[in-house]
Amino acid sequence: KQWYQRRVAITAGIPPTFSDLGKAAKDVFNKGFSIGSNKLTVKTKTGSGISLSPSFEMKNDALVAAFETSGSPTEGFTLKEKWTSENVTKTNLIVEDKICKGLKLDLEVVVNAASGKKAATAKTAYKTDCFNGTFDANLELAGPTLVTTAVGEYSGIQGGVEVAFDTEKSKLTKNTLAVGYTQSDYSFVGFVKELSVFEGLLHHKVNGDTEIAATMSWNNQSNACTYNFGAKHTLDAATSLRMKMDATGKTSVSVTHKIKPWLEATFSNQVNAKTLTGMSHGISLEANL
């Protein structure tokens, strides 16, 4: 019995959500790049624990601004609000670990004041040892779309499924299977989408300063194949370098430097390595006050 308890303690743990499968590899490609836009984000928190975050982004000669705030009036309850310059507001009322440990309820309401459109989604998530699942339903009167995910993990072996069903059309709109394996220094996850798209993500932590990642995708209907490679290297406590390249030769490079303990800047550049054309750049500033 004691051996079994020790074995469970070593192998049991809460797996990631389905959307976070392969997150280590995704972060290498998605974080730390600001291509084609200039962005300023400010994050601060009041003494009472209310978070405030205005952001401004210049992209395609258009300025998009947003203001986000969140706070917990009492333990287990969180209220989030986001208001954009397009006059769209998103409100989230979150209840977590109140009904039972591991259960999270989230009511999301989106209102577009310009068009008058309104949408609401009820989200449910539950996590415990070896399992993480979600169930979402948009509250459409004509018929909600139901999206459910489930991920199980044991001894580093992961398996997951995502299914979406449109009740109005009585049609399955999404089905994805996933299987993966995770260790302290590397991870791999493979996806089968709609039984036609096969995708794999690989991440390897070479050492404490260097990470590499690769993604591969093949569509058996169009026979199209894509490949991406990315890397991140930390020079010192204040500076890190990132690079990614796809099969067409499109190459992106970025440098992130912590100018002050509260101010971080990212400079990005993209070019087609085959033709040395199509150059694009971007600057991102993030201030944590």
Query raised in the report: Based on what the data block shows, is LYS174 basic (Lys, Arg) and farther than 30 Å from ASN92 by Cα?
Result: no
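Restricting attention to region 166-187, does a residue exist that is of a type outside the set (Gly, Ala, Ser) and in contact with a Leu (Cβ under 6 Å, 6 or more places away or on another chain)?
No, the conditions are met nowhere in region 166-187.
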Report summary line: Okay, strands (runs of 3 or more DSSP E) sitting entirely in region 99-163 with 2 or more residues that are out of contact with any Pro (no Cβ under 9 Å at 6 or more places or on another chain) and touching a residue at least 40 places away in the same chain (Cβ under 8 Å), I get 118-128, 145-154
Query raised in the report: Restricted to region 183-197, and to residues that are open to solvent by 50 Å² or more (accessible area, probe 1.4 Å) and in a strand (DSSP E or B), which residue is farthest from ALA150 (Cα to Cα)?
Result: TYR186
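Kindly establish whether ASN138 is more than 29 Å from LEU63 (Cβ to Cβ) and among the polar types (S, T, N, Q).
Working: more than 29 Å from LEU63 (Cβ to Cβ): yes; among the polar types (S, T, N, Q): yes.
Spelling it out, ASN138 is indeed more than 29 Å from LEU63 (Cβ to Cβ) and among the polar types (S, T, N, Q).
Kindly check whether there is at least one residue in region 170-190 that is in contact with a strand residue (DSSP E or B) (Cβ under 9 Å, 6 or more places away or on another chain) and on the phi > 0 side of the Ramachandran plot. Walk me through it before giving the result.
Filtering region 170-190 for residues in contact with a strand residue (DSSP E or B) (Cβ under 9 Å, 6 or more places away or on another chain) gives 171-182, 184-190.
Cutting the leftovers down to on the phi > 0 side of the Ramachandran plot gives us none.
Checked against the condition, which is being in contact with a strand residue (DSSP E or B) (Cβ under 9 Å, 6 or more places away or on another chain) and on the phi > 0 side of the Ramachandran plot, region 170-190 yields no hits at all.
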**Report entry** Candidates THR226, THR251, THR277, filtered to the one that is modelled with pLDDT under 90 and more than 30 Å from GLY47 (Cα to Cα)
**Finding:** THR277
Report summary line: Of the residues in region 264-277, those that are under 23 Å from the mean Cα position of the chain (by Cα) and either of a type outside the set (S, T, N, Q) or open to solvent by 70 Å² or more (accessible area, probe 1.4 Å) (or both) come to GLU264, ALA265, PHE267
Requested in this report: Go through region 164-175 and give me each residue that's part of a strand (DSSP E or B), open to solvent by 50 Å² or more (accessible area, probe 1.4 Å) and not basic (Lys, Arg).
Outcome: PHE165, LEU172, THR173
Report task. Scan region 201-250 for residues that are under 20 Å from SER34 (Cα atoms), more than 22 Å from the chain's Cα centre (by Cα) and open to solvent by less than 50 Å² (accessible area, probe 1.4 Å) and jot them down. Result -> ALA238, THR239, GLY249
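The values are calculated or read from the model by the stated rules, or taken from the named source; none is laboratory data. Please read all numbers here as calculations on a predicted model, not as lab measurements. So basically every Cβ, Gly included, is an ideal-geometry build from the backbone, and we count neighbours across all protein chains shown. When the accessible area is computed, the model is the full protein with side chains, heavy atoms only, and any ligands, DNA or RNA have been set aside. Shrake-Rupley method; radii C 1.70, N 1.55, O 1.52, S 1.80 Å.
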